[in-house]
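What follows is a short report on a single structure.
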Amino acid sequence: MCIERWIKRKIDAIEYKGSKCLRCELHFTQSHYSVFEFHHRNPLEKDVSWNKLRLKSWGKIKNELDKCDLLCANCHRIVHSESEGFPEQPKSR
């Protein structure tokens, strides 16, 4: 089935990138595969999104992954917020 093959591709990609979030170090074995995302360090170098990339050959996938950091979804949102100039969350009182 296609979905099972895509899930395997995603897990292979997560393992290729080291299996843990670069920022908070959440490990693949501690969570669901779907919380992990591939963040392009330089958005100008992004050739294709994961939804299209997962259909390519493993060699092409690795080439694109080499431009990325593995982040959990929470950290990915924070990284984009910071890069867009949003301030850090205020400290609790």
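The values are calculated or read from the model by the stated rules, or taken from the named source; none is laboratory data. Keep in mind it's a predicted model, so treat the numbers as computed, not measured. A quick note on method: Cβ atoms are made from the backbone with ideal geometry, for glycine too, and the neighbour counts reach across all protein chains shown.
Tell me, which residue of segment 18-38 that is of a type outside the set (Ser, Thr, Tyr) and within 21 Å of ILE3 (Cα to Cα) is surrounded by the most Cβ atoms within 10 Å (Cβ to Cβ)?
PHE36
What number of residues within segment 1-47 are without any contact (Cβ under 8 Å) to a residue 24 or more places away in the chain, assigned to a loop (DSSP other than H, G, I, E, B) and farther than 23 Å from SER57 by Cα? So the count comes out to 2.
Any idea which residue in segment 50-75 is nearest to the chain's Cα centre (by Cα), counting only those that are part of a helix (DSSP H, G or I) and charged (D, E, K, R)? Give the derivation first.
Step one: filter segment 50-75 for residues part of a helix (DSSP H, G or I), giving 50-53, 58-65, 73-75.
Add one more test, that the residue is charged (D, E, K, R), and what stays is 52, 60, 62, 64.
Values: LYS52: 14, LYS60: 16, LYS62: 13, GLU64: 11 Å.
Checked segment 50-75; the qualifying residue nearest to the chain's Cα centre (by Cα) is GLU64.
Quick grid of which residues meet (1) polar (S, T, N, Q); (2) at pLDDT below 95:
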{"position": "TYR16", "(1), (2)": "no, no"}
{"position": "CYS21", "(1), (2)": "no, no"}
{"position": "GLN30", "(1), (2)": "yes, no"}
{"position": "VAL35", "(1), (2)": "no, no"}
{"position": "PRO43", "(1), (2)": "no, yes"}
{"position": "VAL48", "(1), (2)": "no, yes"}
{"position": "LYS60", "(1), (2)": "no, yes"}
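Looking only at residues of segment 76-93 that are charged (D, E, K, R) and in a helix (DSSP H, G or I), we find that the one that is modelled with the lowest pLDDT is GLU82.
Within segment 33-47, the set of residues being within 13 Å of the chain's Cα centre (by Cα) and more than 19 Å from VAL79 (Cα to Cα) comprises just one member, TYR33.
Looking only at segment 12-32, which residues are more than 13 Å from the chain's Cα centre (by Cα) and among the aromatic types (Phe, Trp, Tyr)? Across segment 12-32, there are no qualifying residues.
Would you point out the residue of segment 39-93, among those that are within 13 Å of ARG9 (Cα to Cα) and in contact with a strand residue (DSSP E or B) (Cβ under 9 Å, 6 or more places away or on another chain), that is surrounded by the most Cβ atoms within 10 Å (Cβ to Cβ)? Spell out the reasoning first.
So in segment 39-93, the residues within 13 Å of ARG9 (Cα to Cα) come out as 50-62, 65.
Checking the rest, the ones that are also in contact with a strand residue (DSSP E or B) (Cβ under 9 Å, 6 or more places away or on another chain) come to 50, 53, 65.
Values: TRP50: 16, LEU53: 18, LEU65: 20.
If we take residues in segment 39-93 being within 13 Å of ARG9 (Cα to Cα) and in contact with a strand residue (DSSP E or B) (Cβ under 9 Å, 6 or more places away or on another chain), then LEU65 is surrounded by the most Cβ atoms within 10 Å (Cβ to Cβ).
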